[in-house]
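**Q** What follows is a single structure, and I will ask about it in a moment.
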Amino acid sequence: MKTPVRVAVTGAAGQIGYSLLFRIASGEMLGKDQPVILQMLELPMEKAQAALRGVMMELEDCAFPLLAGMVGTDDAEVAFKDADIAMLVGARPRGPGMERKDLLLENAKIFTAQGAALNKVASRNVKVLVVGNPANTNAYIAMKSAPDLPAKNFTAMLRLDHNRALSQLANKAGVAVGDIEKLVVWGNHSPTMYPDYRFATVNGKSLKDMIDDADWNANTFIPQVGKRGAAIIEARGLSSAASAANAAIDHIHDWVLGTDGKWVTMGVPSDGSYGIPEGVMYGVPVTCANGEYTRVEGLPVDGFSRAAMDKTLAELEEERQGVAHLL
Ligand SMILES: NC(=O)C1=CN([C@@H]2O[C@H](COP(=O)(O)OP(=O)(O)OC[C@H]3O[C@@H](n4cnc5c(N)ncnc54)[C@H](O)[C@@H]3O)[C@@H](O)[C@H]2O)C=CC1
Ligand SMILES: O=C([O-])CC(=O)C(=O)O
């Protein structure tokens, strides 16, 4: 039997938490032979704590063989103690008519406090995924608030955008979603993101050549992927949850267990490549092996792409300036 992995999840009694925890405990994230200890954080309010107790009762009632332990708490330093993985979901979601950056100041203080708590008590190798919006800037805040942890351990979730783009492309080209490789989503998890299939292949053939429709790319595909979150809020009255939890599982699964050479998108602190200033939490293509991600380097950037990549960068820089006083 392997040593249990400690997985901290914040916002555990929320919508995404409810779709996430049961899949982690069943082994879908870290493997069917990997025991886990769930360390769940919720707000110190009776309603949130009662809801968390209910979720823990249900986890218990599933009798998951891989669930080696559970902690439910309102104290970040308890939730993050020795955590190997921290999934920072807890934050206010947006409602109709809001942009994710409208949440910035309200949610930012959560991530200064949680970054500091991770810095103090988490495993020195903790892998951090920020889901709470605006995800890139919150991940940046957490990273800056945890100076004793390696910056590369802090990541933001662009995987939902990546998965959304894959499905749109598969529909358009009439191909199986699982056959598409080498997709990229550059930048911020916001409508400025740039989903880019210039390098994408289907069974080795160029997907761009198969689609061959620059107008669809610029005027349908890119805005549709960028505004998908808003379309879901409009339809459901609530922001996406099951698909967000699914993307979080994919992100951590691939980071820990590897991608076998396949590209996935992760929001990671920039190393200065692709004209993105160092430290900016920016969606880039990576491959993962041995528990580490590696940027896909040296991709050509044409004029259309440069403009799109700079636009999403400008928004991230603006968000960064907006929280500079907190750091
Ligand atoms: N990056 C992405 O692709 C996506 C991000 N999101 C974001 O994820 C976040 C969570 O969404 P939902 O689960 O739908 O929201 P929700 O409101 O259903 O759940 C959030 C939970 O977090 C808890 N919470 C709030 N502040 C907390 C704190 N400081 N510590 C611990 N728990 C805290 C709340 O009590 C609540 O139970 C939102 O910010 C949402 O915008 C949602 C979908 C996709
Ligand atoms: O749109 C939202 O506010 C929730 C989210 O991040 C998404 O669904 O992509």
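Each reported figure results from applying straightforward, stated rules to the coordinates on display, with no laboratory input. This structure is a prediction, so every number in the text was calculated from the model and none was measured. Every residue, glycine as well, gets a Cβ built from its backbone with ideal geometry; the counts of neighbours run over all protein chains shown.
**Q** Could you please rank ASP302, ASP84, placing first whichever residue has the fewest other Cβ atoms within 10 Å of its Cβ? Before the final figure, lay out the partial values.
**A** On the way: ASP302 10, ASP84 19.
Fewest to most other Cβ atoms nearby, the residues stand as ASP302, ASP84.
**Q** In whole percent, what relative contact order does segment 67-212 give with Cα contacts below 8 Å and a gap of six or more residues? Don't skip to the answer; put the middle values down first.
**A** Numbers: 226 pairs, mean separation 26.6, N = 146.
This gives 18 percent for segment 67-212.
**Q** Sticking with this structure for a sec: With the cut-off at 28 Å, tell me which of the pairs LYS109/LYS311; LYS152/LYS205; LYS127/LYS262; LYS144/LYS262; LYS32/LYS172 have Cα atoms farther apart than that. Can you show the working numbers first?
**A** Numbers: LYS109/LYS311 26 Å; LYS152/LYS205 33 Å; LYS127/LYS262 20 Å; LYS144/LYS262 30 Å; LYS32/LYS172 34 Å.
Violating the 28 Å limit, Cα to Cα: LYS152/LYS205; LYS144/LYS262; LYS32/LYS172.
**Q** Please rank GLU319, GLU28, fewest neighbouring Cβ atoms within 10 Å first, as an exposure proxy.
**A** Fewest-to-most ranking of GLU319, GLU28: GLU28, GLU319.
**Q** Just want to confirm a number: the relative contact order over segment 5-156, from Cα pairs under 8 angstrom separated by 6+ residues, in percent.
**A** Values: 297 pairs, mean separation 35.0, N = 152.
Relative contact order of segment 5-156: 23 percent.
**Q** For TYR282, which sequence-distant residues (separation of 5 or more, or a different chain) have an amide H within less than 5 Å of its own amide H, given hydrogens modelled in the peptide plane?
**A** VAL268, SER270
**Q** Here is a further query. Need one number: nm distance between label points at LYS47 and LEU327, each 7 Å from Cα along Cα→Cβ, rounded to one decimal.
**A** So the two model labels end up 3.3 nm from each other.
**Q** Principal axes first, then extents: for the Cα atoms of the chain, list largest minus smallest coordinate on each axis, whole Å, largest first.
**A** Between the extreme Cα coordinates on each principal axis of the chain lie 53, 44, 39 Å.
**Q** Let me ask something else. Only bridges whose two residues both fall in the chain count here: according to DSSP, what percent of them are antiparallel, nearest 5?
**A** In the chain, approximately 45 percent of DSSP beta bridges are antiparallel ones.
**Q** Ranked by Cβ crowding within 10 angstrom, fewest neighbours first, how are ILE85, ILE110, ILE232, ILE16 ordered?
**A** Placing the least packed residue first, the sequence is ILE232, ILE110, ILE85, ILE16.
**Q** Any chance you could check the Cα centroid distance between segment 181-209 and segment 231-251 for me, in angstrom?
**A** What the calculation gives is 21 Å, centre to centre.
**Q** Note down the nm distance, to one decimal, between modelled labels 7 Å out along Cα→Cβ at ALA176 and at ASP271.
**A** 3.4
**Q** Read phi for every residue in segment 280-291 and hand back ³J(HN,Hα) as whole Hz from Karplus 6.51 cos²θ - 1.76 cosθ + 1.60, θ = phi - 60°, with x for Gly and Pro.
**A** 5, 7, 10, x, 9, x, 9, 10, 10, 7, 6, x
**Q** Averaging sequence separations of C-alpha pairs under 8 Å and six or more residues apart, then dividing by the length of segment 153-309, give the relative contact order as a whole percent. Don't skip to the answer; put the middle values down first.
**A** Working: 266 pairs, mean separation 43.7, N = 157.
So the answer I get is 28 percent.
**Q** Ok, one more. Quantify how much of the Cα-Cα distance distribution of segment 158-323 extends past 22 Å, in percent.
**A** Details: 5739 of 13695 pairs.
Tail of the P(r) past 22 Å holds 42 percent of the pairs.
**Q** What length, rounded to one decimal in nm, is gained on full extension from GLU292 through to THR259, with 0.36 nm per residue of separation minus their alpha-carbon distance?
**A** 10.8 nm
**Q** Where does each of 100-109, 114-123, 201-210 land if you order them by average Cβ count within 10 Å, highest first? Walk me through the numbers before you get to the answer.
**A** Details: 100-109: 17.6, 114-123: 21.9, 201-210: 14.5.
Packing proxy ranking, top to bottom: 114-123, 100-109, 201-210.
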